[in-house]
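The numbers here are math on the coordinates, done by the rules we state, and not lab data. Please read these numbers as outputs of a predicted model, since none were measured by experiment.
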Amino acid sequence: MVIGLTLMVGDEYVHEFEGVVMVTLPYTPPYSFYNYELLAVFYIDYLGNTTEMEDSVFYDGLITFTTTHFSLFFIDERIENIEDLSNGIPSVINMFMAILKQFV
């Protein structure tokens, strides 16, 4: 799931904050094989690089994380070690498919 967070104050978009904002969103994982304990939020920068929002937590149908800016984010399983990388390939494909669906 790709999330685009925006905030408009008056007629100006605010992307950066002086502090930290806690974001909580309802989330239902699309596949039953997801390991819910490994679900995390990732920031996508303008070059397509991703960074895990390390304080993200999935609990009781909600995903919560903190950020200092609004931008594009996605939800997926975090990879804890290199052996998990092959298990994460379907998730990466799902992330790109979710991004493409935004434009179709």
HN-Hα couplings for region 54-67 via Karplus (6.51, -1.76, 1.60; θ = phi - 60°), in whole Hz with x for Gly/Pro, come out as 5, 9, 5, 9, 10, 7, 6, x, 10, 10, 10, 8, 10, 8
Per the C-alpha gyration tensor (a ≥ b ≥ c, the square roots of its eigenvalues), region 37-81 is rounded if a/c is under 1.5, else prolate if a/b beats b/c, else oblate; here it's oblate
For region 32-46, in residue order, the Karplus 3J(HN,Hα) values (coefficients 6.51, -1.76, 1.60; θ = phi - 60°; whole Hz; Gly and Pro = x) are 6, 7, 4, 8, 4, 5, 9, 5, 8, 9, 10, 8, 10, 7, 5
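Would you please calculate the Kirkwood hydrodynamic radius of region 13-70 over all C-alpha pairs and express it in Å, rounded to one decimal? Don't skip to the end; give the middle numbers.
On the way: mean 1/r = 0.0792 Å⁻¹.
It works out to 12.6 Å.
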